[in-house]
Amino acid sequence: TELLLRGRILTFHDEPLAGETSPEAFIYLEDGALLVRDGKVVALDDYARLRGGEGRNVEVIDHHPHLIMPGFIDTHIHYPQMQVVGSYAGALMEWLNKYTFVEEQKFSNQGHPERIASALFDELIRHGTTTAAAYCSVHKASVQAFFTEAHRRNMRMIAGKVMMDRNAPPSLLDTAQSGYDDSKALIDEWHGKGRQLYAITPRFAPTSTPEQLEMSGTLVREHPELHVQTHLCENNAEIAFVAELFPWSRDYTHVYEHYGLLGPKTLLGHCIHLTDAEIGAIANSASVAVFCPTSNLFIGSGLFDLARLRASDPQVRTAIATDIGGGTSYSMLRTLDEGYKILNIQGQRYHPLRSFYQVTLGNARALSLEGNIGSFVLGAEADCVVLNARATPAMRIRMETVETLVEELFLMQTMGDDRTIAEVYVAGRAAKSTLTS
Ligand code: GUN
Ligand code: FE
């Protein structure tokens with residue numbers, strides 16, 4: 001049987017660099033219809049045109065006056081940090097040592113990873129996020145629990161076992177060899193199973209020995225199709241520590257470059273305090289700089305300078321993410337709002353259409369998954385969010401003065417949260433209204 005989602009529909013096929021005067025960059029249908037078969041998009045058109053094909057076994061769900069968009073994508077999240085969110089700590093290193101590294105040790109406890117994984121996917125769906133790139137803990141079992149739950153829910157997920165073999169509590173350390181062996185076993189078991197994708201995940205340079213980074217590079221050479229995720233230049237003390245640990249390096253980025261960890265599948269969390277040479281290395285390798293606004297404000301790390309990255313190379317690849325539990329919200333709407341404020345305070349106003357492009361097709365492109373997710377092109381996986389701009393009394397009263405789609409988007413970005421997400425579809429199946437907790 002087929003599913004026909006009717007409503008106002010917005011989907012992008014390119015970045016709307018000039019906002020609403022980039023009509024070629026997006027499709028907006030006032031009375032649109034998205035036809036889904038076997039979890040994939042098979043047609044997108046005005047409802048009046050698509051209904052002509054009815055008479056078959058089609059279930060029609062009308063979401064008017066809500067807005068149907070591709071599901072949101074979070075390109076950097078730590079699932080073992082659900083119980084770290086909102087920890088009262090100072091800067092990065094204190095936050096890591098005092099809270100994060102304590103919490104992540106619990107993932108060796110029987111049943112804990114399963115419980116948190118289940119809670120995580122509930123929370124992602126509640127907030128309209130249908131794909132995430134996730135760090136697990138150092139423990140293999142944390143990855144098993146994550147992928148088992150993602151697979152059960154048929155969600156498109158990217159995740160990997162964190163590798164870390166120094167500068168953390170002993171029970172959180174692997175070794176260069178065990179990190180490699182565990183990653184290998186998890187790749188064999190999970191990469192390409194259903195919608196699951198494995199990411200090679202050295203946590204960041206300070207917690208890996210040269211041997212471990214070497215072995216991470218070996219994994220990348222053996223599996224060039226895999227994503228790589230790590231952290232880069234989030235905090236000045238972190239950068240100074242890397243300079244101490246790798247005295248031969250020109251800069252922090254050079255460490256990753258040296259071990260063969262940069263490239264078009266590499267996601268670099270934060271990228272706040274970069275030199276011009278580092279921006280050049282990121283752009284030349286087609287690596288992705290991941291903006292984590294709520295985390296950067298909460299941990300006090302600094303202001304992501306998108307304009308500077310783009311000025312250095314207009315083709316530089318960027319993404320946006322929550323960075324839970326340094327980040328403070330699971331919502332990509334809240335994330336866009338804080339991101340807007342960070343850019344605005346630097347004189348970089350960002351058009352609302354570009355925001356919604358970013359959390360859909362923009363992030364899909366950053367993950368090299370355009371065509372699979374992030375837009376409603378034919379054959380795309382039918383992950384959708386249904387957005388309600390009148391979700392709260394305050395939004396309802398504000399909506400009385402809203403006249404355009406762009407204003408409505410900006411209102412949802414500024415005032416929205418999980419209540420704004422009226423429904424979520426994962427591969428064509430209703431997922432939010434069917435949550436059990
Ligand atoms: N750098 C290394 N690990 C982490 C982490 O878990 N969160 C953040 N925000 N930065 C990191
Ligand atoms: Fe992070």
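Some values worked out for this structure:
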| read-out | value |
| --- | --- |
| Residue list for the range 380-397, restricted to those being charged (D, E, K, R) and either within 13 Å of Leu67 (Cβ to Cβ) or touching a helix residue (DSSP H, G or I) at 6+ places or on another chain (Cβ under 6 Å) (or both) | Arg390 |
| Within the range 90-100, considering residues that are surrounded by fewer than 19 Cβ atoms within 10 Å (Cβ to Cβ) and not charged (D, E, K, R), the one nearest to ligand 1 (Cβ to nearest atom) | Met93 |
| Residue ranges of helices (runs of 4 or more DSSP H) in the range 319-437 with at least 2 members not assigned by TED's automatic domain parsing to the domain that holds Val60 | 332-345, 352-357, 363-366 |
| Odd one out for His139 among (1) free of Cβ contacts under 8 Å to residues at least 40 places away in the same chain; (2) under 18 Å from the mean Cα position of the chain (by Cα) | (2) |
| Flag if Gly86 is more than 30 Å from Ala430 (Cβ to Cβ), modelled with pLDDT under 95 and either in contact with a Phe, Trp or Tyr (Cβ under 9 Å, 6 or more places away or on another chain) or more than 16 Å from ligand 2 (Cβ to nearest atom) (or both) | no |
| Residue match in the range 296-314 (condition: in a helix (DSSP H, G or I), away from ligand 1 (no atom under 16 Å from the Cβ) and buried (at least 24 other Cβ atoms within 10 Å of the Cβ)) | no |
| Check on Ile61, assigned to a strand (DSSP E or B) and assigned by TED's automatic domain parsing to the domain that holds Asp31 | yes |
| Single match in Val316, Val290, Val242 (criterion: in contact with a Ser or Thr (Cβ under 6 Å, 6 or more places away or on another chain) and either assigned by TED's automatic domain parsing to the domain that holds Gly160 or under 21 Å from Gly71 (Cβ atoms) (or both)) | Val290 |
| Residue that is nearest to His231 (Cα to Cα) [pool: residues in the range 173-206 that are of a type in the set (Gly, Ala, Ser) and crowded, with 18+ Cβ neighbours inside 10 Å] | Ala205 |
| Every pair of residues 6+ apart whose Cβ atoms lie under 9 Å, when the first sits in the range 66-88 and is assigned to a strand (DSSP E or B) while the second is within 13 Å of ligand 2 (Cβ to nearest atom) and modelled with pLDDT under 95 | none |
| Spans of strands (runs of 3 or more DSSP E) in the range 175-280 with at least 1 residues more than 16 Å from ligand 2 (Cβ to nearest atom) and in contact with a helix residue (DSSP H, G or I) (Cβ under 8 Å, 6 or more places away or on another chain) | 196-202 |
| Residue that is surrounded by the most Cβ atoms within 10 Å (Cβ to Cβ), among those in the range 45-55 that are part of a strand (DSSP E or B) and either at pLDDT 95 or above or not assigned by TED's automatic domain parsing to the domain that holds Glu381 (or both) | Asp45 |
| Filtered residue count, the range 282-295, keeping only those that are among the polar types (S, T, N, Q) and within 16 Å of ligand 1 (Cβ to nearest atom) | 2 |
| Residue match in the range 150-164 (condition: closer than 28 Å to Ile239 by Cβ, in contact with a strand residue (DSSP E or B) (Cβ under 7 Å, 6 or more places away or on another chain), in the same structural domain as Ile239 (by TED's automatic domain parsing) and among the polar types (S, T, N, Q)) | no |
| Complete set of residues in the range 54-83 that are within 16 Å of ligand 1 (Cβ to nearest atom), touching a helix residue (DSSP H, G or I) at 6+ places or on another chain (Cβ under 7 Å) and not polar (S, T, N, Q) | Asp74, Tyr79, Pro80, Met82 |
| Filter pass, Asn109 being on the phi > 0 side of the Ramachandran plot and surrounded by fewer than 20 Cβ atoms within 10 Å (Cβ to Cβ) | no |
| Filtered residues of the range 237-285 (kept if exposed (fewer than 15 other Cβ atoms within 10 Å of the Cβ) and either within 20 Å of the chain's Cα centre (by Cα) or touching a residue at least 60 places away in the same chain (Cβ under 8 Å) (or both)) | Ala237, Pro264 |
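Residue by residue, here is whether (1) at pLDDT 95 or above; (2) crowded, with 16+ Cβ neighbours inside 10 Å holds:
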position	(1), (2)
Ser22	no, yes
Asp31	yes, no
Leu35	yes, yes
Gly39	yes, yes
Ala43	yes, yes
Asn57	no, no
Met69	yes, yes
Ile73	yes, yes
His78	yes, yes
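The values are calculated or read from the model by the stated rules, or taken from the named source; none is laboratory data. This is a predicted model, so every value here is computed, not measured. In this analysis, Cβ positions are derived from the backbone assuming ideal geometry, glycine residues included, and neighbour counts consider all displayed protein chains.
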